Every structure is written in C-alpha cells, then in structure tokens.
C-alpha cells in the first residue's frame, strides 16, 4: 500500500526536490505552499503554515482524501534578519513564526493521526547556521537551533508511539534563493572554500537525506540531527575570526556599528 507524505514549502528549492523524491519513491505526495508547486505527481494544496486554521484544514483535508499522513516534512521557512540591536519585535516574531511556530502547528495537527496509526515519521529542515553562526541572522539561528531541540524532546514524548523525529540541517545549498545572493563566480568560489569538500550542496542531495531519515531503515536516527554542510562545521572557528580571512571569504566584519 502506498504511503502518504505531506511536504510543506513544496514550491521552494529544497521542498520541490523533497516532494519529487517522495513521488519517485512511490509515495502519494501532498505539497503545501502559498504557491502551487506545479510538480508532476504531487497533489498541491495552498496553505499558510503560520496560520493555525490553515494548518488544521490542510491536515484534515489530507487525512480525509488519503487516509492518513505517514510522513511529514517541514520545509517551509524564511531566511531573513539583521543585527540584533536593529531587529524590531515584529521582525523577530516574523522569522520565528515562519521557521519555528509553523513547525509546531504542523506537527501538533498530524500527531493524533500518527498516534492512532501506530507510528509515523517527521523530518524537520533545520540549518547548520545554528552551529556555525553567520552575521546578522539572530532570529533565524535561534529558530533553527530550537528545531533540533524540539526534535529531541518530541522523540522522548512520542517515540513510544512509533513516531520518529529527525532534523536535517543543510549548509549552503544551490537553490534559486541562494543563486540570487551570488553576485559573481567569485562569490561561489568563496563559498566553496568555506568547507573541506569544496562544494555547494544541491536540493537533490538534501532530499536524499530526507528520504532516508523518513524510511523504516532509519528508525535508529530518532531524535538525531543530520548535518549536510560538506564539513564546513568542522573548520576551526579561529580562522573565521581573522579579518584577512573573512575579507577573502567575502564575509562582513564581525563588529559593525
């Protein structure tokens, strides 16, 4: 019997790749987003996952139409920010709502059906930036760090029901959003130099990790975080504190007024 996967943020770079991978793996896939992902084999649903009512209707509709939700993948999010002393309360809450509260709302709604079914898989897309912080993203880093902690907590609370929670935390991934930030070939080269493997990730590589995390074979990953950064987080932090190195990497100064 085919299993059902609900993927949020399915119109984005990573979300599209995840949805496509699950289709290829034989899942019934519902792709939720504010925009139609327009992917073959994906059932599109328009939903604002920061709105509790939208999430209720989304999850109820998927369960009604497909009999349940075996896998939830939360790809929806927002990469935005500025230095903390310039961050308004509105901006702070906007980023936390997009990256953390949205996950809370989605997980809360799917848990009863997964408990009734005797199990399920939840994969949350985090970020390596809560391990190796970048300038100007305090709310984003806080939200992504919270996801990893949330995954551990929920595994303790719901693992006995056969529900696994895994956080997949990519580093730099070549998505349309990333491409828009790369001003030149030099920018990309600097990013490549920032990790030992000398490479940027692809959405398909992230999707492969998500597919494994959601599989029955990966049950022992429950409560874990998979870091996909080509070794960037293994680089000595001291090198990033040297002004000359930061300049070569195209990074801004650590201290700005």
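The values are calculated or read from the model by the stated rules, or taken from the named source; none is laboratory data. What you are looking at is a predicted structure, and each value in this text was computed from that prediction instead of being measured. Reconstructed Cβ throughout: ideal geometry from the backbone, glycine too, with neighbour counts over all protein chains shown.
Filtering region 11-36 to residues that are buried (at least 21 other Cβ atoms within 10 Å of the Cβ), in contact with a helix residue (DSSP H, G or I) (Cβ under 6 Å, 6 or more places away or on another chain) and farther than 17 Å from residue 70 by Cα leaves 14, 17.
For every residue, the table says whether it meets (1) modelled with pLDDT of 95 or more; (2) in a helix (DSSP H, G or I); (3) surrounded by 22 or more Cβ atoms within 10 Å (Cβ to Cβ).
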position: 147; (1), (2), (3): yes, yes, yes
position: 151; (1), (2), (3): yes, yes, yes
position: 154; (1), (2), (3): yes, yes, no
position: 159; (1), (2), (3): yes, yes, no
position: 167; (1), (2), (3): yes, no, yes
position: 177; (1), (2), (3): no, yes, no
position: 180; (1), (2), (3): no, yes, no
position: 189; (1), (2), (3): no, yes, no
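In the condition set (1) touching a strand residue (DSSP E or B) at 6+ places or on another chain (Cβ under 8 Å); (2) touching a residue at least 40 places away in the same chain (Cβ under 8 Å), residue 130 is compliant with all but (2).
The selection criterion, being touching a residue at least 40 places away in the same chain (Cβ under 8 Å), part of a helix (DSSP H, G or I) and either closer than 26 Å to residue 59 by Cα or touching a helix residue (DSSP H, G or I) at 6+ places or on another chain (Cβ under 7 Å) (or both), holds for residue 105. Annotation note: of 74, 50, the sole residue that is touching a residue at least 24 places away in the same chain (Cβ under 8 Å) and over 14 Å from the mean Cα position of the chain (by Cα) is 50. Considering only residues in region 55-68 that are surrounded by 15 or more Cβ atoms within 10 Å (Cβ to Cβ) and within 20 Å of residue 34 (Cα to Cα), the one that is nearest to the chain's Cα centre (by Cα) turns out to be 55. Contact annotation: residue pairs with Cβ atoms under 8 Å, 6 or more positions apart or on different chains, pairing a residue in region 9-27 that is at negative phi and without any contact (Cβ under 8 Å) to a residue 24 or more places away in the chain with a partner that is surrounded by 24 or more Cβ atoms within 10 Å (Cβ to Cβ) and assigned to a loop (DSSP other than H, G, I, E, B), are 19/10. Please work out which one of (1) farther than 23 Å from residue 120 by Cα; (2) surrounded by 15 or more Cβ atoms within 10 Å (Cβ to Cβ) is the condition residue 73 fails and give its number. That leaves (1) as the condition not met.
Mind counting the residues in region 111-145 that are part of a helix (DSSP H, G or I), in contact with a helix residue (DSSP H, G or I) (Cβ under 6 Å, 6 or more places away or on another chain) and crowded, with 16+ Cβ neighbours inside 10 Å? Residues flagged as part of a helix (DSSP H, G or I), in contact with a helix residue (DSSP H, G or I) (Cβ under 6 Å, 6 or more places away or on another chain) and crowded, with 16+ Cβ neighbours inside 10 Å within region 111-145 amount to 11. Among the candidates 96, 147, 137, the residue that is free of Cβ contacts under 8 Å to residues at least 60 places away in the same chain and more than 23 Å from residue 10 (Cβ to Cβ) is uniquely 137.
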